[in-house]
């Protein structure tokens, strides 16, 4: 496989930073990150050693800005589109922002790809398992009905189907990857696992929505970015264009199980478990079939959730400087006040 020059939109976010790390570790891949660095994306999510790599370049800007995209697309042959707002709770509080950043920006990116004279040969569109809504069948294959249950899920569904329409209408070489819930180091502390972990470290409540029985398929972030890499560098890419591919583990764990595991790992009391009104439109269960990813990409997850969760808890315990400055951001405090009735 020839060396590639990859544009990673949203590369200063959680998944994006791990993808950048994975791509640069190849040694012959040039990576350009396009990120507007608006909460929660921060440049220091990408470790400084990576930012100093001669194959790394950072451009600050909106992934939907045609003015910015035009020269960048002329310089790369591959695009990994990750830029999006991803927090379901926030999407309920700020619907217009998610429509703009998840759907409209995606439309501008794909329009720019059609209108440019670029040499882009491969585009991986990062979608989400949330497009499916609650599992109507288990495990959930790519043929599962599309039934988004939150504004976030709806805007990502729109972007997912927009990507497919550009493949069908304009022959854009897009492959749509639908990861299940990714977790791991460097995730923003608004998300469930780091939120529970950092709250526990601070002896703050772990808010359990409803009965806490909602289940998710949790994917270690390094396994997730391996799936993205597998698409980007696949020898059979002609077979992948226009496809939707799940990436998950085929196992699901409840919110109650996760909260109790975190407390036990940190030696904290179960009295921190606190019931909260259920999230509106809460998905009951997500659990993936990744048979298609295995068949087309030779990909399967390597790390169990039990081990990955313990590694993640330990990382947050040992990297307080990362999450404390994010929790001290006024937007985090405003969010917790709006959602939980208090600043955390």
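The values are calculated or read from the model by the stated rules, or taken from the named source; none is laboratory data. Every value quoted in this text rests on a predicted model; they were computed, and no experiment measured them. Note that we place each Cβ from the backbone using ideal geometry, even for glycine, and neighbour counts take in every protein chain shown.
Looking only at segment 113-158, how many residues end up being modelled with pLDDT of 95 or more and assigned to a loop (DSSP other than H, G, I, E, B)? Spell out how you get there, then give the answer.
Keep residues of segment 113-158 that are modelled with pLDDT of 95 or more, which gives 113-114, 120-158.
Of the ones still in play, those that are also assigned to a loop (DSSP other than H, G, I, E, B) are 120-121, 127-128, 133-139, 141-150.
Residues in segment 113-158 being modelled with pLDDT of 95 or more and assigned to a loop (DSSP other than H, G, I, E, B): 21 in total.
Look through 59, 38 and report the one residue that is part of a loop (DSSP other than H, G, I, E, B) and free of Cβ contacts under 8 Å to residues at least 40 places away in the same chain. Even if it seems obvious, please write down each step before you answer.
Details: 59 fails: part of a loop (DSSP other than H, G, I, E, B).
So the residue among 59, 38 that is part of a loop (DSSP other than H, G, I, E, B) and free of Cβ contacts under 8 Å to residues at least 40 places away in the same chain is 38.
Out of 217, 223, which single residue is closer than 24 Å to residue 309 by Cβ, crowded, with 24+ Cβ neighbours inside 10 Å and in contact with a helix residue (DSSP H, G or I) (Cβ under 9 Å, 6 or more places away or on another chain)?
Numbers: 223 fails: crowded, with 24+ Cβ neighbours inside 10 Å.
Only one candidate qualifies: 217.
Can you find a residue that is under 26 Å from residue 165 (Cβ atoms) and touching a helix residue (DSSP H, G or I) at 6+ places or on another chain (Cβ under 7 Å) anywhere in segment 41-52? Show your work before the answer.
Restricting attention to segment 41-52, the residues satisfying the condition of being under 26 Å from residue 165 (Cβ atoms) are none.
There is no residue in segment 41-52 that is under 26 Å from residue 165 (Cβ atoms) and touching a helix residue (DSSP H, G or I) at 6+ places or on another chain (Cβ under 7 Å).
Do you know which residues across segment 159-172 are surrounded by 20 or more Cβ atoms within 10 Å (Cβ to Cβ) and in a loop (DSSP other than H, G, I, E, B)?
If the condition is that a residue be surrounded by 20 or more Cβ atoms within 10 Å (Cβ to Cβ) and in a loop (DSSP other than H, G, I, E, B), then 172 is the only one that fits.
May I ask you to list the residues in segment 59-100 that are in contact with a helix residue (DSSP H, G or I) (Cβ under 7 Å, 6 or more places away or on another chain), under 27 Å from residue 28 (Cβ atoms) and surrounded by fewer than 19 Cβ atoms within 10 Å (Cβ to Cβ)?
Residues satisfying the conditions are 59, 61, 70.
Taking residue 148 as meeting all but one of (1) surrounded by fewer than 22 Cβ atoms within 10 Å (Cβ to Cβ); (2) in contact (Cβ under 8 Å) with a residue 24 or more places away in the chain, write down the number of the exception.
(2)
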